[in-house]
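Heads up: the structure comes next, in structure tokens.
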Amino acid sequence: MTLDVIDGVPVLRLAGEVDMSNTPAVRRLIATEIGNKVVAMVLDLSGVTYLDSAGIHLLYQLESKLEVHQQHLIVVVPTGVGITRTLQAAGVIGSFVLVSSVEAALVLAPRLSEAVKPGRRAVG
Amino acid sequence: MTVVPTSDPRRLQQDDAEHALDQLRKLQAVTDAALANLKVEDLLDELLVRVQEVMGVDTAAILLLDDEADVLVAQAAKGIEEEVRQGVRIPVGRGFAGRIAAERRPVVIGRVDHGNVMNPILREKKIVSLAGVPLITQGRIIGVLHVGSLTPRTFTPADVQLLQLVGDRVALAIFVGLYERERVIAETLQRSLLPESLPFVFGLDFAARYVPAGGEGIGGDWYDAFVLPNGNVAIAVGDVVGRGLRAAAVMGRLRNALRAFAFEGHSPEETLELMNAMIRFLDQDEMATLIYGVLDPRKRRLTIANAGHLPPVVSHPRQRAALVDVSTHPPLGASFSSRADALTVDLVPGSTVLLYTDGIVERRSVPLDERLTMLCDVVDWDGPLDGLVDSVLAKLGGDQTSDDMALLAVRLSQDVTGGYSMTVDADPARLAELRSTLRGWLADAGVPSDLVFDILVATGEACANAIEHAYGPGGGQIEMTLAKSEEYLEATIRDHGAWREPRGRHRGRGLSMMRRLAASVDVVSGADGTQIRLGWKLRSPQ
């Protein structure tokens, strides 16, 4: 699990297997490292080889936490990887902003903040 | 529109005949074109308009016979629409229409009065002259067609003849329409009552077919197969005496009753007894044969009870297929007591059980024993089970047109391997280890790679569920068992705790994920813990 900030956008990369044994650590990291000046964050699942409902739960939880602060979550899932099956089975495709690469996520990040009404826009 | 001037005495008979033929052609065209649309009500309306036109009459009406009440009910009318709106009912034998139905011959009334017409609407409408014909099809009276004139008119024999021709066509149209409608409803009902898919049980393979009868409508054959709460499998084939919608409806009731009694945990003999009591009580005139068995896939044991049905065929590997000698008891509904002793048959891997209805084996020209021997010969087959049921239909059912056919085959998988089992502490930290073991086992077992991820996640979910929900802080253990046959793979996850309701908004997602990723999910919770059985089909049967 690594966290970088690229062009002011936090990019959290998860790798390996994500289940209930390691999701609490991800949650803690996000709670401490993602400040409220951020308008969008990227969760990169490219290196994830296993994801179950604990991971899905994490996605929903993360999104609803960010939403409170008018912050956005962009999830990176390359096409054709195994975890797509989990996302399909959980019915989450369509309920998250999904892109296939971190580059695409970074292009998208500033646009998402523009879509927020100026009055409600997060400071920063 | 030409009006046939039938009252003209100077007209030559030849001309009359030609005119009648001309009218008939027109009528026929209407009737035939309308037949394609099959909506009986619209068809009758259209025919009546046509009758009014070609005969130059003021009113025309069709009354259909309600067999059970022995009354004629107004079905369609022109010029006297009140008949239909008021639901006029004329007892057979009384009044004008009633007389036609009772005497099954045309009746002409030159001048209407209280003595010869019962229906007040005809009198209020000031109809002066009437002519009516019976609607007869297949030698059976199904109703009456009558026309009326507001001015005095003499309906000639030629008029009556023409009206009868129209009537015959109406009768045919009604018969075809009602028959077709009933056939479609019966077939839809029947199909909806057959199981949508056969059960998915590790170590068992199923195949079933239902073929409706050719020309004579739906019979009451059915098959059913479902998993019971204790993991055993119920199999049944039955045949309701009779045909058509009624038989299909009875079949539906019996099928649901069987499921209900079976789910309550009654043995096959008790189930048949209860069903007999039920049919005697609720469907007094109905009768059905039924063979019902409960298969324990772990003990490889079939317990079967029979109510008047043909005996099942069982074949074991390297043995000739044979009829099972289960004692036959009276069909359901035939007698008050139907104590049907069950028979237990021990099966081995590779054993096949075939249940079927009489449409497969009964032929007027061939002795039954001969046909049953033929059937056993076909069941001696170790190819795919779907091929077996197809060849039963091909070799024995090809010449069947008058009866429907249902058959259900179950086979115990021959090559059950595995039984790999590991037990770990119910701790999230052990999940990775369980998955890695599972990955290795799946690779060794040659499971197709496109299934591996689904199996990993669904099994992981089941384990995570057990870890999360089964135990308190004291912890416990979970056991994962893997087994595989040629067709199926099964993963079983057991714990010995007591599940609690999921907490939190996004919890409880695990089970729905399992259902999406596995072909079958079977959760059994009891006092000694919870067992989740997940199943996948490795190759689709041919």
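Read-outs: derived from the displayed coordinates by stated rules, not from any lab. Computed from a predicted model, the values in this text were never measured in an experiment. Heads up, the Cβs are rebuilt from the backbone with ideal geometry, glycines too, and the neighbour counts pull from every protein chain shown.
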Would you mind checking the tilt of helix B:385-396 against the longest principal axis of the Cα atoms of chain B, expressed as 0 to 90 degrees and rounded to 10? 40
For the protein assembly as shown, size of Cβ-based charge dipole, Lys and Arg +1, Asp and Glu -1, in debye: 1520
Chain B: radius of gyration over Cα atoms, expressed as a fraction of 2.2 N^0.38 Å: 1.37
Which whole-number percent is the relative contact order of region B:115-256 (Cα, under 8 Å, 6+ apart)? 17
Which FRET efficiency, nearest 0.05, do residue A:6 and residue B:263 yield, Cβ-Cβ r, R0 41 Å? 0.10
Give me the dipole magnitude in Debye, nearest 20, for region B:273-430 about the Cα centre, with unit charges on the beta carbon: positive for Lys and Arg, negative for Asp and Glu. 440
Rounded to the nearest 10 degrees, the helix B:431-444 long axis (Cα) sits at an angle to the longest Cα principal axis of chain B of 80
Proxy reagent accessibility, fewest Cβ within 10 Å first, across A:21, B:365: B:365, A:21
Square roots of five times the C-alpha gyration tensor eigenvalues of the protein assembly as shown, ordered largest first and given in whole Å, equal 68, 39, 21
Which one of A:33, A:17, A:67 has the biggest mean-square fluctuation once chain A is modelled by GNM with Cα springs under 10 Å? A:33
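For region B:49-108, which GluC sites (Glu not before Pro) pass both filters: DSSP loop (anything but H, G, I, E, B) and at most 13 other C-beta atoms within 10 Å?
In loop regions of region B:49-108 (DSSP not H, G, I, E or B), the sparsely surrounded GluC sites (Glu not before Pro) are B:68.
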Other chains' Cβ within 10 Å of B:444-453 residues: what's the mean? 1
Do you know the Lys pair count in chain B for C-alpha distances under 21 Å, with sequence separation 8 or more or different chains? 7
Using the Cβ atoms and a cut-off under 15 Å, what net charge is assigned to the surroundings of residue A:21, where Lys and Arg are +1 and Asp and Glu are -1? -4
Note, residue B:149: beta-carbon cut-off 12 Å, +1 each Lys/Arg, -1 each Asp/Glu, net +2
Calculated from DSSP helices alone, with each H run of at least 4 adding -39500 (n - 2.57) and the total divided by the residues of the protein assembly as shown, [θ]222 nm to the nearest 500 comes to -12000 deg cm²/dmol
When you look at the Cβ of every residue in A:15-22, what mean number of other chain Cβ atoms sits within 10 Å? 5
Given Cβ point charges of +1 (Lys, Arg) and -1 (Asp, Glu) and nothing else, what value in debye, to the nearest 20, does the dipole of chain A about its Cα centre take? 400
Sparse-neighbourhood loop sites, chymotrypsin sites (Phe, Trp or Tyr not before Pro) in region B:240-343 - DSSP loop, at most 15 other Cβ within 10 angstrom: B:336
Please report the relative contact order for chain B, taking Cα pairs under 8 Å with a sequence separation of at least 6, and give it as a percent rounded to a whole number. 10
Net charge (Lys, Arg +1; Asp, Glu -1) of residues whose beta-carbon lies under 15 Å from that of residue B:334, residue B:334 excluded, is -3
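List the GluC sites (Glu not before Pro) in region B:239-310 that DSSP assigns to loop (not H, G, I, E or B) and whose Cβ has at most 15 other Cβ atoms within 10 Å. Which are they?
Listed in order of number, the matching sites are B:264.
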The whole-number value in µm²/s of the Stokes-Einstein translational diffusion coefficient for chain A, with Rh from the Kirkwood sum over alpha carbon pairs at 25 °C and 0.890 mPa s, is 168
So for region B:51-163, averaging the separation of alpha carbon pairs under 8 Å that are six or more residues apart and normalising by length, what relative contact order in percent results? 26
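How well do other chains shield peptide B:514-522, expressed as the mean number of their Cβ atoms within 10 Å of each residue Cβ?
2
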